[in-house]
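J.: One structure, as structure tokens, below. Some questions next.
Please treat every number below as a calculation from the coordinates, not as lab data. If you're wondering where the values come from, they're calculated on a predicted model, not measured in any experiment. When we count neighbours, we look across all protein chains shown, and the Cβ atoms used for this are built from the backbone with ideal geometry, even at glycine.
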């Protein structure tokens with residue numbers, strides 16, 4: 001398990017223990033955290049699990065694949081700290097990760 | 001009014017194979033899809049990407065899979081209604097009357113929803129004022145390119161649509177291409193062409209910029225763009241085009257009284273019927289305990305839903321289970337010549 005902190009757009013904070021091996025997206029969907037649509041189910045084929053990662057975590061995450069950057073082009077208001085949460089796989093290193101969910105996904 | 005046994009909503013792999021299964025058991029069907037071609041997500045999201053988990057196909061692309069499915073249902077002469085989105089549904093005695101946004105009407109015994117994650121719609125600009133300019137000076141697709149002749153156009157996006165239109169329109173218009181990063185996801189030759197045009201002064205390229213706001217009364221006069229540091233540039237422009245790909249919207253299906261959970265339709269696993277008799281759901285859009293969003297699951301669901309449709313289309317007949325290898329009736333329907 002690793003603690004993942006999801007800040008939703010309504011200024012609520014959800015701290016969830018997510019099983020290692022799942023994605024940050026799955027952690028949100030399985031725990032009914034609002035704001036993550038994940039239309040394609042984690043296939044890097046849409047951009048509806050878009051999150052903003054807290055700056056201090058940016059370097060600690062695995063680098064983006066090309067496909068992820070391509071998909072982020074289509075996200076709603078992408079920024080430098082944008083990631084697709086389906087591509088962030090939970091591990092011990094991510095314990096305490098803070099992600100911010102945008103106001104909408106599309 | 002199109003009268004048929006079953007209306008399939010969605011021409012993706014699940015919908016296409018369901019049409020095959022309906023054909024085999026002697027039911028007629030027609031297919032409605034919001035896109036301009038069959039194939040659904042396979043064609044729209046990953047036509048060239050290989051799929052490795054279609055049973056008995058070690059590898060095939062989304063396009064090959066779609067073409068094979070179309071080939072497989074050829075004997076049944078299934079009628080397609082493309083660029084149509086289903087809007088209204090009404091129960092009339094024991095039949096369903098369905099209307100599309102293009103005013104097509106259907107009279108059917110049952111409905112199979114194979115709508116994937118909803119119908120594809122263009123992804124829009126995040127700024128509020130964009131709405132009031134839509135279809136007058138702001139577009140997400142181009143129907144008539146002649147209106148742009150000798151005008152200033154600002155194109156947003158980094159995929160093939162944005163690049164292709166930037167290249168083409170730069171012949172007759174003053175084009176600004178704006179993209180949020182330096183990399184483009186379009187094909188390399190187009191990226192090179194755009195860079196050449198930029199160097200030759202035939203096109204203005206703004207990378208690492210995104211839209212900030214639109215200025216204008218009835219029509220757009222200016223678009224403001226900002227970079228990551230918050231620096232804002234004002235660009236005089238007469239038209240703005242956005243090519244950010246497509247999003248999927250469940251749309252009117254939400255209003256039909258179906259049990260919906262997290263944008264999916266709940267079904268039973270016996271015949272994939274929803275809470276409403278005569279309406280079935282298969283493929284990515286349906287949910288049940290253990291649901292896997294795989295194409296192969298959609299095929300299975302389509303086969304069972306087709307059989308579920310039988311009693312509504314032919315209430316006085318009994319459906320007998322048969323194999324296509326030995327069934328005379330099935331082979332006749334397939335047009336097999338002996």
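J.: Just report the Cα centroid separation between the range B:222-236 and the range A:45-101, whole Å.
T.: The range B:222-236 and the range A:45-101 have Cα centres spaced 25 Å from each other.
J.: Sticking with this one: Quick one: of the DSSP bridges fully inside the protein assembly as shown, what percent are antiparallel, nearest 5?
T.: Of the beta bridges lying entirely in the protein assembly as shown, close to 50 percent run antiparallel.
J.: Name the most mobile residue of B:272, B:244, B:120, meaning the one with the largest mean-square fluctuation, in a Gaussian network model of chain B with Cα contacts below 10 Å.
T.: Comparing B:272, B:244, B:120 in the GNM, the peak value goes to B:244.
J.: Right, here's the next one. When the scattering of chain B is computed by the Debye formula from its Cα atoms alone, each counted once and equally, what is log10 I(q)/I(0) at q = 0.09, 0.11, 0.12 Å⁻¹?
T.: -0.59, -0.81, -0.90
J.: Quick check on packing: order B:79-85, A:62-68, B:309-315 by the mean number of other C-beta atoms within 10 Å, highest mean leading.
T.: Answer by packing, highest mean first, reads B:309-315, B:79-85, A:62-68.
J.: Then there is this: Select from B:283, B:302, B:23 the residue whose mean-square fluctuation is largest in a Gaussian network model of chain B (Cα-Cα springs shorter than 10 Å).
T.: Highest fluctuation of the listed residues: B:23.
J.: Once a ≥ b ≥ c are taken as the square roots of the eigenvalues of the Cα gyration tensor of the protein assembly as shown, is the result rounded (a/c under 1.5), prolate (a/b larger than b/c) or oblate (a/b not larger than b/c)?
T.: Prolate is the answer for the protein assembly as shown, as a/c is 1.5 or above and a/b outweighs b/c.
J.: Which order do the peptides B:35-43, B:107-115, B:286-294, A:1-9 come out in when sorted by mean C-beta neighbours inside 10 angstrom, highest first?
T.: Top to bottom by mean Cβ count within 10 Å: B:107-115, B:35-43, A:1-9, B:286-294.
J.: Test of understanding: what is the full-extension gain from residue B:221 to residue B:71, defined as 0.36 nm times their sequence separation minus their Cα-Cα distance?
T.: Roughly 49.0 nm would be gained on extension.
J.: Could you order the peptides B:54-63, B:152-161 from most to least packed, using the average number of other C-beta atoms within 10 Å per residue?
T.: B:152-161, B:54-63
J.: Now, a different point. From other protein chains only, count the Cβ atoms within 10 Å of every residue's Cβ in A:33-44, then give the mean.
T.: Per residue, the average neighbour count from other chains is 3.
J.: Before anything else, pin down the relative contact order of chain B: Cα pairs under 8 Å, at least 6 apart, normalised by residue count, whole percent.
T.: Normalised by residue count, the contact order of chain B is 20 percent.
J.: Can you put B:27, B:205 in order, fewest other beta carbons within 10 Å first?
T.: B:205, B:27
J.: Between helix B:295-313 and chain B, what is the angle of the helix's C-alpha long axis to the longest principal axis, kept within 0 to 90° and rounded to the nearest 10?
T.: Result, in degrees: 50.
J.: Let me ask you something else. Per residue of B:239-245, how many C-beta atoms from partner chains lie within 10 Å of its own C-beta, taken as a mean?
T.: Taking all residues of B:239-245 together, the mean is 2.
J.: Could I ask something else about it? Translational D (Stokes-Einstein, µm²/s) of the range B:1-91 at 20 °C and 1.002 mPa s when Rh comes from the Kirkwood sum over C-alpha pairs?
T.: For these conditions, the coefficient is 156 µm²/s.
J.: If only Cα atoms are counted, what is the Rg of the range B:124-244, and what is its Dmax, in Å?
T.: Both quantities, over Cα of the range B:124-244: 13.2, 38 Å.
J.: Rounded, prolate or oblate, given the Cα gyration tensor of chain A, with a/c below 1.5 counting as rounded?
T.: Rounded.
J.: Neighbour counts of other C-beta atoms within 10 Å: give me B:98, B:194, B:127 arranged from fewest to most.
T.: B:127, B:98, B:194
J.: Treating the angle as unsigned and between 0 and 90°, give the value, to the nearest 10°, between the Cα long axis of helix B:160-169 and the longest Cα principal axis of chain B.
T.: For B:160-169 against chain B, the angle is about 50 degrees.
J.: May I ask for the angle, rounded to the nearest 10°, between helix B:13-24 and the longest principal axis of chain B, with both axes built from Cα atoms and the value confined to 0 to 90°?
T.: 30
J.: A further question on this structure: Can you tell which of A:80, A:31, A:54 shows the greatest fluctuation in a Gaussian network model of chain A with Cα springs below 10 Å?
T.: For chain A, modelled as a Gaussian network with Cα springs under 10 Å, the answer is A:80.
J.: Once every DSSP H run of n ≥ 4 in chain B is given -39500 (n - 2.57) and the sum is divided by its residues, what mean residue ellipticity at 222 nm do you get, rounded to the nearest 500 deg cm²/dmol?
T.: -7000 deg cm²/dmol
J.: If you don't mind, there's one more thing I want to ask. Report, as an integer, the average count of C-beta atoms from other chains found within 10 Å of each Cβ along B:289-295.
T.: Across B:289-295, the average partner-chain Cβ count within 10 Å equals 1.
J.: Which order do A:14, A:50 fall in if you start with the one that has the fewest other Cβ atoms within 10 Å?
T.: Placing the least packed residue first, the sequence is A:14, A:50.
J.: Please give, to one decimal in nm, the separation of the simple spin-label points placed at residue B:152 and residue B:127, each 7 Å out from Cα toward the Cβ.
T.: Placing both labels 7 Å beyond Cα along the Cβ direction yields 1.4 nm.
J.: Can I ask one more? Between the range A:4-33 and the range B:1-78, what is the separation of their alpha carbon centroids in Å?
T.: Cα centres, the range A:4-33 to the range B:1-78: 36 Å.
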